[in-house]
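Everything below concerns the one structure shown next.
The values are calculated or read from the model by the stated rules, or taken from the named source; none is laboratory data. What you are looking at is a predicted structure, and each value in this text was computed from that prediction instead of being measured. Quick reminder, even Gly has a Cβ in these numbers, built from the backbone with ideal geometry, and neighbours come from all protein chains shown.
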Amino acid sequence: MTRPPSAISGLRRSVLALGCVLLAVVVAAPAAATLRAASPRPATTSAAVPDQPTALAVTAQAAPRYVRGSDDRTHIDYDLLITNWLPGTVTLRSINVLTRSGTPLLELTGDELAAHTHLVSGAPPTAAIPASATVATIIDVALPQGTVPAVLTHRISYDLPADLNPALRALIGSLEVSAPVLAVDRRTPTVIAAPLQGPGWFNAVGCCLPTLHRRLLYPANGTWVKGETFAIDWQQSRDGALFEGDGSRNSQWFGFGAPLLAVADGTVVRAVDGKTDIAPGASPVLATPEDFAGNQVTVRIGPGVFATYGHLLEGSVQVRVGQHVRAGQQLGRLGNSGNTTAPHLHFGLVDRAEAVVANAVPFEIDHFRFVGVADPQTGQITGTPRPMRRTYPLVNTVTDFDQGGLS
Ligand SMILES: [Zn+2]
């Protein structure tokens, strides 16, 4: 019998290895120059910035949406798309999110701002926007539970390129953008049953830190989509470890083969099987968009709401397109097919049947037992175990699910 790895090493190895995104577009880009110019004039701090040219144009990818998180806070999430008009690098200095009346809700500066900002190509985080490039900044406003402002406003300050020519420098009237003004999408999150059952389910990649899921952004049908903002990669843990032995075989991972359950009544709109499970750490074979999710099932559970399950075990899919399923019904088993580095379930809700062109839909799980929050570096779990209702288990949480269903 092989000695199990330490809890710490097992968890850490898995977290570092897990890189599941259904449609990963990670391009190695040259490091952006980080020209930090001395500001030609102080950034405006007044809420009332006069109309004038700016170096940046800022929009939102979609209206902010919210969930109740397992930290007992309401998380309002969206992405700002920030385009640098100038022919040199503009560096973001700060992003402030405020209510309409100017009450501050969030400030991103320094390393935190850089960690939440990336080129739309998915390149490494940076607060420096190259010439005529667009970045996305991940916004996660965490407020006391139940607090959802009707409108969010923004104040974004930046530094100009050091070598900007005098004519352009003269044209830029402000080093602060007071935009955009965003109405928060008031639709409540979709309440679902758990897609898994049993103890120790670890959210390895999820909302609302800048994880691969939270960051994923790409164009589809000529517009920007974010299909995985609230998606979760779940792995099963035991005593803080995710596998026994050396973890080189799928069967050594505790969640491998676990039943995957319908999260609500619905109709199957996609059922793909026959794709080979790969060994942990092996390179996936990705020839078509469908290959990214591997063996997969999608269930329409409401108007414009589809539950997606990815990376299923080959040969385990036991539903067919058009079949009606009930909440708690088994759809297949947890596997390691598609764009994956270790056995896990990729689960999320999206607004279209074709997940690769869809936007994510926020969800809350009807009930579960919160075990704690695992430190990805040490594997140590902290927090007070307690039952939770209608809550989104945030990234790095460990949760126990019962037999499923809605209460
Ligand atoms: Zn995933």
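Does at least one position in segment 261-280 carry a residue that is within 14 Å of the ligand (Cβ to nearest atom) and in contact (Cβ under 8 Å) with a residue 40 or more places away in the chain? No: zero hits.
Residues in segment 63-73 that are surrounded by fewer than 20 Cβ atoms within 10 Å (Cβ to Cβ) and touching a Pro at 6+ places or on another chain (Cβ under 9 Å) were compared, and the one that is farthest from THR399 (Cα to Cα) is ARG73.
Yes or no, residue by residue, for (1) more than 19 Å from SER174 (Cβ to Cβ); (2) among the hydrophobic types (A, V, I, L, M, F, W, C):
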| site | (1), (2) |
| --- | --- |
| THR59 | no, no |
| ARG68 | yes, no |
| THR74 | yes, no |
| VAL90 | no, yes |
| GLU112 | yes, no |
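Among the strands (runs of 3 or more DSSP E) confined to segment 133-236, the ones with at least 1 residues that are away from the ligand (no atom under 16 Å from the Cβ) and β-branched (Val, Ile, Thr) are located at 134-144, 151-159, 190-192, 223-225. Checked against (1) within 17 Å of the chain's Cα centre (by Cα); (2) at pLDDT below 95; (3) part of a loop (DSSP other than H, G, I, E, B), GLN377 passes all but a single condition, namely (1). Of all the residues in segment 318-350, those that are part of a loop (DSSP other than H, G, I, E, B), touching a Gly at 6+ places or on another chain (Cβ under 7 Å) and more than 16 Å from the ligand (Cβ to nearest atom) number 3.
Taken over segment 300-312, the residue count meeting the criterion of being away from the ligand (no atom under 16 Å from the Cβ) and out of contact with any Phe, Trp or Tyr (no Cβ under 7 Å at 6 or more places or on another chain) is 5. If you go through segment 274-323 and keep only what is hydrophobic (A, V, I, L, M, F, W, C) and surrounded by fewer than 16 Cβ atoms within 10 Å (Cβ to Cβ), you end up with ALA279, ALA282, VAL285, LEU286, ALA287, VAL321.
Considering only residues that are among the charged types (D, E, K, R) and not in a loop (DSSP other than H, G, I, E, B), look in segment 265-315 and name the one that is nearest to ARG333 (Cα to Cα). Before the answer, list the steps.
The initial filter retains those residues of segment 265-315 that are among the charged types (D, E, K, R), namely 265, 270, 273, 275, 277, 290-291, 300, 314.
Still in the running and not in a loop (DSSP other than H, G, I, E, B): 270, 277, 290-291, 300.
Working: ARG270: 15, ASP277: 12, GLU290: 18, ASP291: 17, ARG300: 19 Å.
Selected residue: ASP277.
Would you mind stating whether GLY294 is within 16 Å of the ligand (Cβ to nearest atom), assigned by TED's automatic domain parsing to the domain that holds GLY315 and at positive phi? Spelling it out, GLY294 is indeed within 16 Å of the ligand (Cβ to nearest atom), assigned by TED's automatic domain parsing to the domain that holds GLY315 and at positive phi.
Restricting ALA183, ALA162, ALA179, ALA193 to those that are surrounded by fewer than 20 Cβ atoms within 10 Å (Cβ to Cβ) and in contact with a Gly (Cβ under 9 Å, 6 or more places away or on another chain) reduces the list to ALA162.
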